[in-house]
Amino acid sequence: MLGTSASFNNIDSFPQFVILVFVLTITFVYVSLIGFISKYEVQGFSENIKLYLIPVIIAGIISSIMLFTFIGFFKYESLIILALFLFIMTKAVYRIQKKDSIGIQQCIQKMIMSIIVLDSTYLSGIRGVEVGLAVLLLIAPLLILSRKMYMT
């Protein structure tokens, strides 16, 4: 449990355990959403697919992080990087609405790269904006590599 298992029965470890479970759950949902969307990269979306579920899930992720921030599990500085994540996700979801293969590829590429932004949001909420921005700098090499490598 990433360092919390040593004092699992201690009452002080409860907030860390809640944060750990929250981060793991949100990350699992987000990566599963990327996998769900990538399934339709080659075959395209069928007519009966509910495309509104994708922005609803992303909005649920963002609102959950905001709720945890307002409750006090995360620092308010995380909202700065969360706004960047919201901007990237808005652009990604817009590309899906066109239902073409290139739009889906670009959406998946943005979502894969924004995993770093999501991690930066968590770290800025737990350790401070300095650590979050340090992790956010890792997106620069990824942007360079994404131009040379196939990401989806």
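The values are calculated or read from the model by the stated rules, or taken from the named source; none is laboratory data. Computed from a prediction, not measured in an experiment: that's the story for all the values here. Backbone-built Cβ (ideal geometry, glycine too); neighbour counts: all protein chains shown.
Could you grab me the full set of residues in region 50-95 that are of a type in the set (Val, Ile, Thr) and touching a Pro at 6+ places or on another chain (Cβ under 8 Å)? The one that is of a type in the set (Val, Ile, Thr) and touching a Pro at 6+ places or on another chain (Cβ under 8 Å): VAL93. All told, VAL29 meets the bar of being under 11 Å from the mean Cα position of the chain (by Cα), over 24 Å from PRO141 (Cα atoms) and either at pLDDT 90 or above or assigned to a helix (DSSP H, G or I) (or both). I need the full set of residues from region 123-141 which are more than 16 Å from ILE19 (Cβ to Cβ), out of contact with any Asp or Glu (no Cβ under 8 Å at 6 or more places or on another chain) and buried (at least 16 other Cβ atoms within 10 Å of the Cβ), in order please. Result: LEU136, ILE139. If you go through region 94-115 and pick out every residue that is of a type in the set (A, V, I, L, M), buried (at least 19 other Cβ atoms within 10 Å of the Cβ) and without any contact (Cβ under 8 Å) to a residue 60 or more places away in the chain, you end up with 1.
As for region 98-115, it holds at least one residue that is over 15 Å from TYR30 (Cβ atoms) and among the small types (Gly, Ala, Ser).
Checking THR152 against (1) in a helix (DSSP H, G or I); (2) at pLDDT below 90; (3) polar (S, T, N, Q), which test does it fail? The number of the failed condition is (1). Looking at region 82-105, is at least one residue modelled with pLDDT of 90 or more, assigned to a helix (DSSP H, G or I) and touching an Asp or Glu at 6+ places or on another chain (Cβ under 9 Å)? Among the residues of region 82-105, not one is modelled with pLDDT of 90 or more, assigned to a helix (DSSP H, G or I) and touching an Asp or Glu at 6+ places or on another chain (Cβ under 9 Å), which makes the answer no.
Does SER120 fit the bill of being in contact (Cβ under 8 Å) with a residue 12 or more places away in the chain, of a type in the set (Gly, Ala, Ser), assigned to a helix (DSSP H, G or I) and under 28 Å from VAL18 (Cβ atoms)? So SER120 fits the description; yes.
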